[in-house]
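Accompanying notes for the structure given below.
Each value in this text was obtained by applying a stated rule to the coordinates, not by laboratory testing. Computed from a prediction, not measured in an experiment: that's the story for all the values here. Cβ sites come from the backbone with ideal geometry, for glycine too, and all protein chains shown count toward neighbours.
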Amino acid sequence: MFVVESVCVAWFTLEFLLRFVNAPSKLAFARGPLNVIDAVAILPYYVSLVFDVGEEAQDEAAMGAGRGYLDKLSLILRLLRALRILYVMRLARHSLGLQTLGVTMQRSMREFGLLLLFVCVAVALFSPLVHLAESELAPFAAAHPQHSFSSIPASYWWAIISMTTVGYGDMVPRSVPGQMVALISILSGILIMAFPATSIFHTFSRSYQELKQEYERVWKQERHEEMSDFSQEDFSSASKKKSDGLTSNATHRSTLPPSAF
């Protein structure tokens, strides 16, 4: 597995360096989101090599008090190795759908902010209500003081999974007032999710069409340039053949005797 990873990282590193060398603007290249992801995905491999060499060199001398320092380094190393999942983000460079998703998220930051605001307000509203209904109004509250809705912060989790209609079932209101609060929170969650989703969907559709047209325009431009180069080559070869024919005819006529005319 280490050999496969080394080959892949070497290939990615070579490709990254070639793109950096050929980039017209090095600063713009360094600021590119996909380029930053590539660098963050590649660097942990080389950092892990340095850490592994350092651990092997200091393993015998680090017994005792110095062992805690190496344990911290090992933890950092494991966290860096977890960044290998960023290799998947390289697919965004060649995937129209992933590029559309990224553009949509950039253009819909206001909608996502409103969605987060709505959810926070709803959680702050329904969590105290369900806590009150289950802890104070429920007939079994005195007999079961350690039930799931023991505090308002503990009810935040229930409010979130209820409004998103996930419903894990780990926290279930059992009283009639609590069930009424649950019903209202579920209906409110559906409306809260639906309001920004419409705008986000239109943004996604518009971004997809724009990127698709851009891809088609670039493809047609490259195709036109290829056809132009091919036509120029044909014209040059035809002109060369014609000039060679005229030259050969002139040479042939110059070699004929005057009586042939």
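Each residue of segment 159-165 in turn: what ³J(HN,Hα) in whole Hz from Karplus with 6.51, -1.76, 1.60 and θ = phi - 60°, glycine and Pro shown as x?
Each residue of segment 159-165 in turn: 4, 5, 6, 6, 5, 8, 6 Hz.
Report the extension gain between Ile190 and Lys26 in nm, rounded to one decimal, defined as 0.36 nm multiplied by the number of residues separating them, less their alpha carbon distance.
That pair, Ile190 and Lys26, stretches by 54.4 nm at full extension.
For Glu225 paired with Leu34, estimate the spin-label separation in nm (one decimal), with each label point 7 Å from Cα along the Cα-to-Cβ line.
1.7
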